[in-house]
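> Quick one: this structure, given as structure tokens, is what I'll be asking you about.
The values are calculated or read from the model by the stated rules, or taken from the named source; none is laboratory data. The structure presented is a predicted model; accordingly, all values stated were derived computationally and were not measured. Using ideal geometry, Cβ is built from the backbone for each residue, glycine included, and neighbour counts are taken over all protein chains shown. Ligands, DNA and RNA are excluded from the accessible area calculation, which covers all protein heavy atoms including side chains. Shrake-Rupley method; radii C 1.70, N 1.55, O 1.52, S 1.80 Å.
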Amino acid sequence: MMVIDILTLFPEMFEGPFQSSILKRACDRMLLAINIIDIRNFSEDKHHKVDDYPFGGGAGMVLKPEPLFRCLESLLLPSESRVILLSPQGETFNQAKAGELAREQRLTIICGHYEGIDERVRQLATEEVSVGDYVLTGGEAAAIVVTDCVARLVDGVVDAGSLQQESFTAGLLEYPQYTRPRQFHEREVPEILLNGNHQAVERWRRDQAVRRTFLRRPDLLAGVSLSEEDRRAIDALFDQ
Ligand code: ADE
């Protein structure tokens, strides 16, 4: 079982995403526990104050270090436990990072907010992660992305067949999928998918994934080892 603690000032933003579909089922089956923890509960201030004006002046408020520090302390984390701070300044999240995090038994995710957080809080985290080169109002939407992506890699959450299929085209974009009907608005399902030759289907799918990646996201190919057949699939694009 994996335990993910999410520290936030806006717990209500997590009402929904983990209460449906695959992640709900994983929590019901105790493969996963997601705890949403309100940082404000750890403020000792009588007004539950969690932010303050920045030293040196400037616009906006800064998240104070003490409530977050107390909140982290309350979790009694083992010393080697990973604490992830979500912010646009972090390393960019990707599937490899998700795979690495999914091997942990416990993850703590801090959602940054306001214009900033006290630098000493940043140092409490073992790593800083961004979900992309854009600025969100806070780390909550990013925490949903990271949790969703990591959780589906936890043993038993998604069926092994789907993950194995994914590893067949690891690092590539998806091949096209079809279902019934065979003909829709004059468009036919490719013949090769209908004739039951499993090997030919697998080869066609791999070719499609390789070509699609070459055409849309050639940058991804640097991280994929391509076979002779894969290269031929790309070369054949130029013969068309
Ligand atoms: N908080 C605000 N923007 C973010 C981003 N892009 N990734 C992670 N946390 C954020």
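> Within the group 80, 119, which residue is within 22 Å of the chain's Cα centre (by Cα), modelled with pLDDT under 95, away from the ligand (no atom under 13 Å from the Cβ) and in the same structural domain as residue 15 (by TED's automatic domain parsing)? Steps first, answer last, please.
Details: 119 fails: within 22 Å of the chain's Cα centre (by Cα).
After ruling out the rest, the residue left standing is 80.
> If you don't mind, there's one more thing I want to ask. Only residues that are in a strand (DSSP E or B) and open to solvent by less than 50 Å² (accessible area, probe 1.4 Å): list them for the stretch 78-113, please. Walk me through how you get there before you give the answer.
Initial filter on the stretch 78-113 (in a strand (DSSP E or B)): 82-92, 106-111.
Hits for the stretch 78-113 are 82, 83, 84, 85, 86, 87, 90, 107, 108, 109, 110, 111.
> If you take the residues of the stretch 47-77 that are in a strand (DSSP E or B) and within 16 Å of the ligand (Cβ to nearest atom), which of them is surrounded by the most Cβ atoms within 10 Å (Cβ to Cβ)? Before the answer, list the steps.
Step one: of the stretch 47-77, the residues in a strand (DSSP E or B) are 51-52, 62-63.
If we keep only those that are within 16 Å of the ligand (Cβ to nearest atom) too, we end up with 51, 62-63.
Working: 51: 19, 62: 18, 63: 21.
Restricting to residues being in a strand (DSSP E or B) and within 16 Å of the ligand (Cβ to nearest atom), the top hit is 63.
> For the stretch 130-153, what are the residues that are open to solvent by less than 20 Å² (accessible area, probe 1.4 Å) and closer than 19 Å to residue 35 by Cβ? Explain how you work it out, then say what you get.
So in the stretch 130-153, the residues open to solvent by less than 20 Å² (accessible area, probe 1.4 Å) come out as 130, 132, 138-140, 142-143, 146-147, 150-151.
138, 139, 140, 142, 143, 146, 147, 150, 151 - these are the residues of the stretch 130-153 that are open to solvent by less than 20 Å² (accessible area, probe 1.4 Å) and closer than 19 Å to residue 35 by Cβ.
> Do any residues in the stretch 4-19 that are closer than 23 Å to residue 104 by Cβ have Cβ atoms under 6 Å from those of residues that are in a helix (DSSP H, G or I) and open to solvent by 40 Å² or more (accessible area, probe 1.4 Å), where the two are at least six apart or on different chains, and which pairs are they?
Pairs that qualify, where the first residue is closer than 23 Å to residue 104 by Cβ and the partner is in a helix (DSSP H, G or I) and open to solvent by 40 Å² or more (accessible area, probe 1.4 Å), are 17/144.
> Follow-up question, since we're still on this one. With respect to residue 112, determine if the residue is on the phi < 0 side of the Ramachandran plot, modelled with pLDDT under 95, of a type in the set (Gly, Ala, Ser) and within 14 Å of the ligand (Cβ to nearest atom).
The answer is yes for residue 112.
> Further question on the same structure: Which one is most open to solvent (accessible area, probe 1.4 Å) among residues in the stretch 197-229 that are in a loop (DSSP other than H, G, I, E, B) and under 20 Å from residue 164 (Cα atoms)? Please lay out each step first, then the result.
Of the stretch 197-229, the ones in a loop (DSSP other than H, G, I, E, B) are 197, 217, 224-227.
Still in the list and also under 20 Å from residue 164 (Cα atoms): 197, 224-227.
Working: 197: 74, 224: 24, 225: 104, 226: 37, 227: 47 Å².
The selected residue is 225.
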